[in-house]
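Notes to accompany the following structure.
The values are calculated or read from the model by the stated rules, or taken from the named source; none is laboratory data. This one's a predicted model, so the numbers in the text were calculated from it and none came from an experiment. All Cβ positions, glycine included, derive from the backbone under ideal geometry; neighbour counts span all protein chains shown.
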Amino acid sequence: MMKEIYTEIEINASASVVWDILTFFDNYTQWNPFIKEISGHQRVGSHLDVFIKPANSNGMRFKPKILSYKPEEELIWLGSLWIPKLFDGEHSLIIKKIDEDSVLFIQKEKFTGLLVPLLSSMLNNTKSGFESMNRALKREAEDKGMFIGK
C-alpha cells in the first residue's frame, strides 16, 4: 500500500538562501512549527535524529537515513515506524529554481508498508504540518533574503 502527501509554495528568495535555512538544523527551533528538532551529519547514508510535532499531536521522534543530499536542490530521507516495511516514509525537501531570486519549494512524503491503510487517517495532521512549515520557511527565507540583499 502507498499514500503520498504533496505540498508546495513559491518563495521569493534564492535557492542558496532557502537551502541554508533548511540545512542549518540548529535554527529549526527558531522558525519551524513542524520539525521541532533535527540533528545529524548531512551526507548520504547518515542517520538524522528528528522530532516532529504536527498540530493536535504529542509528536514523534525517529531516526531516518539520508537517501539524497544535493545542495540547493534536495534533501531526501527514509524513516520507519517501529520495523522497516511496516510503515515507511520517504520525506523529500526539494528546491526548484524559478529564477535567481525565487524558487518553488516542494515538501512531500511517500508512505509505504503494510500499516499504511490502518494509519493513513493520522496523516491529515502531517499534511497541515507540512503546510505550516512551508509558510514559515517562506517567511524566514524572504526576510533573510531581503536582509542580505537577495
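Give the residue that is surrounded by the fewest Cβ atoms within 10 Å (Cβ to Cβ), with candidates limited to residues of the range 104-150 that are modelled with pLDDT under 90 and within 23 Å of SER14 (Cβ to Cβ).
Within the range 104-150, the match that is surrounded by the fewest Cβ atoms within 10 Å (Cβ to Cβ) is GLY149.
Can you report the number of residues in the range 88-103 which are among the hydrophobic types (A, V, I, L, M, F, W, C) and either free of Cβ contacts under 8 Å to residues at least 60 places away in the same chain or surrounded by fewer than 15 Cβ atoms within 10 Å (Cβ to Cβ) (or both)?
Qualifying residue count, the range 88-103: 2.
With respect to LEU67, determine if the residue is in contact (Cβ under 8 Å) with a residue 40 or more places away in the chain and within 26 Å of VAL18 (Cα to Cα).
Here the answer is no, as LEU67 does not meet what is asked.
Exactly one of these conditions fails for PRO54: (1) out of contact with any Gly (no Cβ under 9 Å at 6 or more places or on another chain); (2) outside any strand (DSSP E or B). Give me its number.
All conditions pass for PRO54, except number (1).
Please state which one of LYS85, LYS70, LYS65 is among the charged types (D, E, K, R) and surrounded by 13 or more Cβ atoms within 10 Å (Cβ to Cβ). Steps first, please.
On the way: LYS85 fails: surrounded by 13 or more Cβ atoms within 10 Å (Cβ to Cβ); LYS70 fails: surrounded by 13 or more Cβ atoms within 10 Å (Cβ to Cβ).
Selected residue: LYS65, the only one of LYS85, LYS70, LYS65 that is among the charged types (D, E, K, R) and surrounded by 13 or more Cβ atoms within 10 Å (Cβ to Cβ).
Given the residues GLY129, GLY89, which is the only one that is under 11 Å from the mean Cα position of the chain (by Cα) and within 19 Å of ASN58 (Cβ to Cβ)?
Exactly one of GLY129, GLY89 is under 11 Å from the mean Cα position of the chain (by Cα) and within 19 Å of ASN58 (Cβ to Cβ), namely GLY129.
Here are some conditions: (1) under 18 Å from ARG135 (Cβ atoms); (2) free of Cβ contacts under 8 Å to residues at least 24 places away in the same chain; (3) surrounded by fewer than 13 Cβ atoms within 10 Å (Cβ to Cβ). ASP26 meets all but one. Which one does it not meet?
Answer for ASP26: the failing condition is (1).
Okay, residues lined up against (1) among the small types (Gly, Ala, Ser); (2) farther than 20 Å from PHE111 by Cα:
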site	(1), (2)
LYS3	no, no
TRP19	no, yes
PHE25	no, yes
GLN30	no, yes
SER39	yes, yes
GLY45	yes, no
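Considering (1) crowded, with 16+ Cβ neighbours inside 10 Å; (2) within 29 Å of LEU114 (Cα to Cα); (3) of a type outside the set (D, E, K, R), say which one TYR6 fails and leave the rest.
All conditions are met except number (1).
Could you list, in sequence order, the residues of the range 30-60 that are within 24 Å of MET122 (Cα to Cα) and over 14 Å from the mean Cα position of the chain (by Cα)?
ALA55, ASN56, SER57, ASN58, GLY59, MET60
Mind checking which residues of the range 45-62 are modelled with pLDDT of 95 or more and surrounded by 12 or more Cβ atoms within 10 Å (Cβ to Cβ)?
Taking the range 45-62 as the starting set, the residues that turn out to be modelled with pLDDT of 95 or more are 45-51.
Answer for the range 45-62, where residues must be modelled with pLDDT of 95 or more and surrounded by 12 or more Cβ atoms within 10 Å (Cβ to Cβ): SER46, HIS47, LEU48, ASP49, VAL50, PHE51.
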